[in-house]
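Every number here is computed from the coordinates shown, using simple stated rules; none is lab data. Keep in mind that what you see is a predicted model, and the values were worked out from it rather than measured. Here the Cβ is made from the backbone with ideal geometry for all residues, glycine too, and neighbour counts use every protein chain on show.
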């Protein structure tokens, strides 16, 4: 009876957290749309309250447009934009920020209700605080990222800050998902297998690095630098990845900076990590099929291999379709890039799921 009451009291919290997971996924996808449409620098200020509402009359629109005209992106790239063009990119950045505010409301209001209902156990307090801190930190990093594209001769945000924003968003996503699993998955469904757990942690580490390089690919708009497959512009190991002197690749990258600045180097690492992930997940899947586990594990152990296979296919298609990119136009490449990002999140969550089911750690929240 006590166990049933505990599960009943925790279930609304778990559902609330899973709604948050879904909203965070949508928010990350909106971030992808914002990037692909070049909308991220259209709003040059961060007004927490007044910024929640878009311009409502022509005078307000012209005022926002004048602010955008002062940015390097307008003067160096979008100098031919009309007010209508500006309204289009403004919408996506505004909606991205609006959805972030909505996530804050969806987390805050039920939190107050659950607190009033005394549904939170003492063991939930620390995870809740971490959850809210991660959300606030993500908002701050988002603004730091935007600010990096409003300085000097920048026409886009800095790729390193884009990667940081993306990875912290995924961290928030995984933390919320893990917290929900602690409230939903019965302890008897968890399988104790330290070797598979270590392998899964290793795969997650490689995946995080791969996601960072995915953000570098996006931030540098590197897809068109090598729109070929399986080779990279006719080479398996392309030349020019680590130029001996500044300027040999069209920039002033030297030494280790090439790992995050050189588009061909980024291509090579991103593709190599994809192949490594595919191999590691094949090994993980084989091992998962060899162990005796709960029915829950048996029903879900094929998720990572399916998702990584789809992800590799989408990655190849994105590279090949990059030649069809048309500035300020949503086309086949943009659709493929969005699907690529969505499946990347699903793959990450599937590995978090396996990591929870095969860990043997007793849940503290239930």
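Some values worked out for this structure:
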item	result
Potential lengthening between residue 91 and residue 195 on full extension [0.36 nm per residue; Cα-Cα distance subtracted]	32.6 nm
Virtual spin-label span in nm between residue 125 and residue 313, 7 Å along Cα→Cβ	5.0 nm
Over the range 171-229: Rg over Rh, Cα atoms, Kirkwood Rh	1.17
Contact order relative to length of the chain, as percent, for alpha carbon pairs under 8 angstrom and 6 or more apart	22 percent
Backbone N under 13 Å from the residue 155 label point (7 Å along Cα→Cβ), restricted to the range 37-79	38, 72-79
Efficiency of FRET between residue 115 and residue 236 - r from beta-carbon atoms, R0 56 angstrom, step 0.05	0.45
Debye log10 I(q)/I(0) for the range 1-184, one point scatterer per Cα, at q = 0.16, 0.19, 0.20 Å⁻¹	-0.96, -1.22, -1.32
Simple label model, 7 Å out from Cα along Cβ direction - residue 296 to residue 228, nm	4.9 nm
Expected 222 nm ellipticity per residue - DSSP helices of 4 or more, -39500 (n - 2.57), all of the chain, to 500	-23500 deg cm²/dmol
Stokes-Einstein D for the chain, Kirkwood Rh over Cα pairs, 10 °C, 1.306 mPa s (µm²/s)	71 µm²/s
10 Å binning of all Cα-Cα separations within the range 192-334, expressed as whole percents from 0 upward	11, 34, 29, 18, 8, 1
Distance in nm between pseudo-label sites at residue 204 and residue 77 (7 Å out along the Cβ direction from Cα)	3.5 nm
